[in-house]
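The structure under discussion appears below in the form of structure tokens.
The values are calculated or read from the model by the stated rules, or taken from the named source; none is laboratory data. Keep in mind it's a predicted model, so treat the numbers as computed, not measured. FYI the Cβ positions are ideal-geometry reconstructions off the backbone, even for glycines, and counts take in every protein chain you see.
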Amino acid sequence: MAVHLLLDILPALCASLPACTANADVQQRTAGLFAACLSPARFRMAAKVAAGFGLTPVALHAAGVLQELPQDGTGASSALGLLRDTPADPRGPAAAAAFERALAARLADLLCDCATATPAVSLFRLWPRLAASHLHLRGALLRLADDTHLRLAREWVDDLGGDCQAALVEHCLAEGRAKDAWWLVRELRLQAAYPGAEALYRRHTLRSLAERQRWAAAAAFCAGDAGLQAELIRELVAAGEAELAEQLHAQAGLPGPPPVADPVRRAARVAADAAKYLQPALAADAVHWVAHEAGLAAAVAAAVEADAVGLDVEWRPGREGCTQPPASLLQVATRERVWLVDLMALRGGPGLAHVLPQLLRAPTAVKLGCSLSSDLTALARVGCSAAGAAPLLDTRRRRTEIALSTISERVLGRPLNKAMQTSDWEARPLSPAQVAYAALDAHALVRIYDALAAHLGRDALLALPGQHRA
């Protein structure tokens with residue numbers, strides 16, 4: 001670290017002393033320092049020396065650094081082993097050409113090493129004539145792109161012009177790397193030359209998400225793109241996800257009826273989901289819809305009597321980069337019942353302002369959630385203050401990003417099916433699949449709490465750092 005710091009400040013110091021920079025001995029020693037650092041372990045220092053002191057291949061050759069390299073077994077001299085065939089006359093043009101060829105070859109070797117690729121590129125950018133005369137630029141760029149150094153290759157092509165830029169984009173396209181190709185097109189401002197790159201990237205991403213059945217992520221990715229939404233609906237139908245396909249079709253406002261799923265495939269999907277995902281533990285008549293003030297008051301009165309209450313909030317999915325839509329549904333779960341509170345119907349009324357906060361502040365009922373602070377913030381935005389809410393238990397701790405589905409799998413043995421997560425939560429009435437999803441999300445929190453409390457104890461759970469109070 002100290003050596004790198006010294007190399008950062010020494011060039012400026014020398015530049016302030018003209019007699020120092022003009023001294024041939026200083027120039028010779030600087031060139032020798034560069035040569036001594038031209039090994040993988042020291043190569044970053046070599047790049048700093050060259051850039052800081054303005055070294056060029058011509059200056060390196062003129063300084064005769066090859067003749068001064070020590071044969072001490074440190075690897076410094078062997079680093080330039082390729083240069084041993086340089087002609088005997090160090091001042092002749094043949095010797096200079098041989099020196100440049102060997103130097104370019106050595107730098108090209110270092111391009112292939114993850115640890116030295118960045119300083120190698122910096123030297124080729126510092127000495128563009130060396131790269132143009134002695135390096136197969138296209139091949140070097142494509143190797144970088146294939147060796148996870150795409151960003152480094154992209155920086156280099158800033159200096160190299162349109163042909164190399166196009167070669168890099170077309171290589172990614174030919175390799176099926178649509179995301180990388182689209183990133184390059186945007187970075188290099190080549191949209192006019194590759195007008196279909198974005199559409200190709202979006203189709204490729206959707207196909208990848210569909211293959212992994214990441215339907216929630218796929219729906220969010222397709223938001224606002226009717227063509228992609230139609231393609232996603234076809235993928236959903238083919239996978240037997242008929243209800244989700246119908247939801248997305250209605251949410252997107254696509255013309256005509258949604259495609260019809262094959263009954264056999266649909267039944268197979270239902271059976272597969274039942275075996276794979278956590279299933280409801282409550283009967284359908286234990287789930288209550290709340291859209292009036294009286295219903296909210298009754299729900300709160302019942303929930304405050306429980307010792308554990310699961311809370312979850314849903315809102316309509318928004319487009320990436322846009323403001324989050326207001327919360328449209330609150331799920332409140334005890335061990336015996338679940339209430340689905342229509343926040344759109346109750347917004348602006350006394351229930352959200354005065355009745356629901358009584359539950360949040362009830363001292364004997366532990367409020368359970370996953371990213372509970374985010375849900376409480378969403379409630380505050382629709383008129384339900386969370387000030388003084390306690391006791392709280394958030395299954396997603398401050399420094400972790402573990403999803404509720406993952407927690408369910410670890411604690412209860414099965415994950416949650418999140419396919420409905422990005423459906424339209426402002427639609428009224430909610431579909432049966434949405435109702436089942438919403439109820440299970442909140443009730444799963446109570447089941448997780450009971451399992452953890454049985455193992456650790458209630459007091460130990462509430463004593464975890466970052467819990468208890470909003």
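Kindly establish whether residue 279 is in contact with a strand residue (DSSP E or B) (Cβ under 7 Å, 6 or more places away or on another chain), loosely packed, with under 14 Cβ neighbours inside 10 Å and of a type outside the set (A, V, I, L, M, F, W, C).
For residue 279, the condition - in contact with a strand residue (DSSP E or B) (Cβ under 7 Å, 6 or more places away or on another chain), loosely packed, with under 14 Cβ neighbours inside 10 Å and of a type outside the set (A, V, I, L, M, F, W, C) - is not met.
For the range 251-298, give me each residue that is among the basic types (Lys, Arg) and touching a residue at least 40 places away in the same chain (Cβ under 8 Å).
Answer for the range 251-298, where residues must be among the basic types (Lys, Arg) and touching a residue at least 40 places away in the same chain (Cβ under 8 Å): just 276.
Does the range 364-384 contain any residue that is closer than 21 Å to residue 433 by Cα and either outside the structural domain of residue 453 (by TED's automatic domain parsing) or assigned to a strand (DSSP E or B) (or both)?
There is no residue in the range 364-384 that is closer than 21 Å to residue 433 by Cα and either outside the structural domain of residue 453 (by TED's automatic domain parsing) or assigned to a strand (DSSP E or B) (or both).
Looking for whichever is at pLDDT 75 or above and either assigned to a helix (DSSP H, G or I) or more than 27 Å from residue 114 (Cβ to Cβ) (or both) here; the options are 12, 35, 19. Which one fits?
35
Of the residues 408, 371, which is among the hydroxyl-bearing types (Ser, Thr, Tyr) and touching a residue at least 60 places away in the same chain (Cβ under 8 Å)?
Sole residue among the options that is among the hydroxyl-bearing types (Ser, Thr, Tyr) and touching a residue at least 60 places away in the same chain (Cβ under 8 Å): 408.
For the range 282-317, how many residues meet the condition of being in a loop (DSSP other than H, G, I, E, B), surrounded by fewer than 14 Cβ atoms within 10 Å (Cβ to Cβ) and of a type in the set (Gly, Ala, Ser)?
1
Tally the residues that are under 19 Å from residue 315 (Cα atoms) and part of a helix (DSSP H, G or I), restricting the search to the range 341-350.
Residues that pass the stated criteria total 4.
Give me the pairs: first residue in the range 33-53 and of a type in the set (Ser, Thr, Tyr), second residue part of a helix (DSSP H, G or I), beta-carbon distance under 7 Å, and six or more apart or on different chains, which are they?
Hits for this filter: 39/79.
For (1) among the polar types (S, T, N, Q); (2) in contact (Cβ under 8 Å) with a residue 40 or more places away in the chain, each residue gets a yes or a no:
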{"site": "421", "(1), (2)": "yes, yes"}
{"site": "428", "(1), (2)": "no, yes"}
{"site": "433", "(1), (2)": "no, yes"}
{"site": "438", "(1), (2)": "no, yes"}
{"site": "442", "(1), (2)": "no, yes"}
{"site": "449", "(1), (2)": "no, yes"}
{"site": "460", "(1), (2)": "no, no"}
{"site": "463", "(1), (2)": "no, no"}
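Among the numbered criteria (1) touching a Lys or Arg at 6+ places or on another chain (Cβ under 9 Å); (2) buried (at least 17 other Cβ atoms within 10 Å of the Cβ), which one does residue 220 miss?
(2)
Would you mind stating whether residue 329 is under 17 Å from residue 438 (Cβ atoms), assigned to a strand (DSSP E or B) and modelled with pLDDT of 95 or more?
It is true that residue 329 is under 17 Å from residue 438 (Cβ atoms), assigned to a strand (DSSP E or B) and modelled with pLDDT of 95 or more.
Can we say residue 353 is among the small types (Gly, Ala, Ser), in a helix (DSSP H, G or I) and in contact with a strand residue (DSSP E or B) (Cβ under 7 Å, 6 or more places away or on another chain)?
So residue 353 fails the test.
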